[in-house]
Amino acid sequence: MDVLAEVLRVSGARGALGVVLKAGGTWGLWLDSYPGAALHVVSRGTMWLHVAGAKPLQVQAGDAVLVSPGTAHGIAGGADVTMGSCDRAAALRALGDGRALRLGPAPVQTEVIVLHYEQDPQVSTPVLTSLTRPMHVTARQNAQFGRTAELLAAELAQPQLGTTAAVNSIVDLLLVQFVRAWLARHPEERSGSWLGAMRDPVVRDALARVHARPEHPWTTDTLAAATSVSRATLSRHFRSALGQTPGAYVTQWRIDLASVRLRDTDEPVESISGAVGYGSPHAFSRAFRRVRGIAPGEYRSRLRR
């Protein structure tokens, strides 16, 4: 079971091209908080990332930085630049006609591809939302990511038949490659985030089993036995990596799966309850109400209204 692929699929963490920036001279742009994550890929020159309460971060050609959802931040040509607000109308026009958004005077010294990744609001498993600070991957750390970024830049520079489909696929691929590179280079940051938990072999093995068979009657004991560790060891690793018990994670994932099916299908509640691991609709309804605050049927009705 590829846990990352499965969670990205269910959470709907798909990307979209924000805008291509071409900047020269002294320039700076403050980006208001955005509900999705932002991935800035520098294809030429140097960019500085500004986040309140943190030192400016230098991002060079071939590097990329992922900013967690809802984080107001700025990008600029220097560490001490005063940044202006984003001209949303100009950005939309640039995106609509395929042109780059120009900032500062000529000549162009820096080019940045800005990508946005949204997560399904009905899914609470925190793939990207638990990031406590920006994730930075340099060109030296992952050549494969750099080649994919170059491919995206080439598609954008010379649009042709199928470019839209190609760009959408490349944007999604970049997120997976970025996460791979970050996990390989930052093992010390494994605590406190879902992505970091993938560095813990005990937690990763347990999550693979839960995601492969969410309908199985998992308990902390049966999950510990399946992963060949003690109950105490499994619980300790889960709390360290994810800040919750194995049972709490199982419940969260099952309710996430059920929420998506309630919204997107006409399956009876009874069928959904069995598919996500509950022995009876009553048990499912009780668990769903505890997590979401309302009964499954009412949840479905509200979303469709």
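The values are calculated or read from the model by the stated rules, or taken from the named source; none is laboratory data. Owing to the predicted nature of the structure, the values given are computational and were not obtained by experimental measurement. Quick reminder, even Gly has a Cβ in these numbers, built from the backbone with ideal geometry, and neighbours come from all protein chains shown. Calculation scope for accessible area: heavy atoms of the full protein, side chains included, ligands and nucleic acids excluded. Shrake-Rupley method; radii C 1.70, N 1.55, O 1.52, S 1.80 Å.
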Query raised in the report: Between the range 284-305 and the range 150-189, what's the alpha-carbon centroid distance in Å?
Result: 36 Å
Query raised in the report: Given q = 0.12, 0.21 Å⁻¹, what are the Debye log10 I(q)/I(0) values for the range 55-145, with equal point scatterers placed on the Cα positions and solvent ignored?
Result: -0.51, -1.38
Report task. Starting from the Cα of Gln109, step 7 Å toward the Cβ, then list every residue of the range 67-87 with an amide N under 11 Å from that point. Result -> 77-79
Report task. Determine, at each q value in 0.20, 0.22 (inverse angstroms), the log₁₀ of I(q)/I(0) that the Debye formula gives when each Cα of the range 201-305 is one equal point scatterer. Result -> -0.96, -1.08
**Report entry** Pair Gln141, Val176: separation of 7 Å Cα→Cβ label points (nm)
**Finding:** 2.0 nm
Report task. Mind pulling up the Rg/Rh value for the range 258-305? Radius of gyration and Kirkwood radius, both on Cα. Result -> 0.92
Report task. For Ala72 and Lys55, calculate 0.36 nm times their separation in residues minus their Cα-Cα distance, and state this gained length in nm to one decimal. Result -> 4.7 nm
Query - Long-range HN-HN contacts of Leu31 with modeled amide H, under 5 Å - result: His73, Gly74, Ile75
**Report entry** Gyration tensor (Cα) of the range 133-207, equivalent ellipsoid semi-axes in angstrom
**Finding:** 30, 14, 9
Report summary line: Quick numbers on the chain, Rg and Dmax over C-alpha atoms in Å, give 21.6, 67
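Would you kindly work out the equivalent ellipsoid of the range 3-184 from its C-alpha gyration tensor and give its semi-axes, the square roots of five times the eigenvalues, largest first in whole Å?
24, 19, 16
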Report task. May I ask you to evaluate 6.51 cos²θ - 1.76 cosθ + 1.60, the Karplus curve with θ = phi - 60°, for each residue of the range 219-235 and list the ³J(HN,Hα) values in order in whole Hz, giving x for glycine and proline? Result -> 10, 4, 5, 5, 6, 5, 5, 5, 9, 6, 10, 7, 4, 5, 5, 4, 5
Query raised in the report: Heavy-atom accessible area of Arg292 with all protein chains present, probe 1.4 Å, nearest 10 Å²?
Result: 60 Å²
Requested in this report: Kindly write out, for the range 86-91 in residue order, the coupling ³J(HN,Hα) from the Karplus curve 6.51 cos²θ - 1.76 cosθ + 1.60 (θ = phi - 60°), rounded to whole Hz, with x marking Gly and Pro.
Outcome: 6, 7, 4, 5, 5, 5
Query raised in the report: What's the center-to-center distance, using Cα atoms, between the range 29-49 and the range 70-143 in Å?
Result: 2 Å
Query raised in the report: Can you give the alpha-carbon Rg of the range 141-272 over 2.2 N^0.38 Å, where N counts its residues?
Result: 1.37
Report summary line: The long-range amide H neighbours of Leu101, using H built 1.01 Å from N in the peptide plane and a cut-off of under 5 Å, are Val20, Leu21, Lys22
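For Ala248 and Ala16, what does the FRET efficiency come to when R0 = 30 Å and r is the distance between their Cβ atoms, rounded to the nearest 0.05?
With a Förster radius of 30 Å, E is 0.40.
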Query raised in the report: When the Karplus curve 6.51 cos²θ - 1.76 cosθ + 1.60 is applied with θ = phi - 60°, which whole-Hz ³J(HN,Hα) does each residue of the range 256-273 get, with x for Gly and Pro?
Result: 4, 4, 5, 4, 5, 5, 5, 6, 9, 10, 9, 4, x, 4, 4, 5, 5, 4
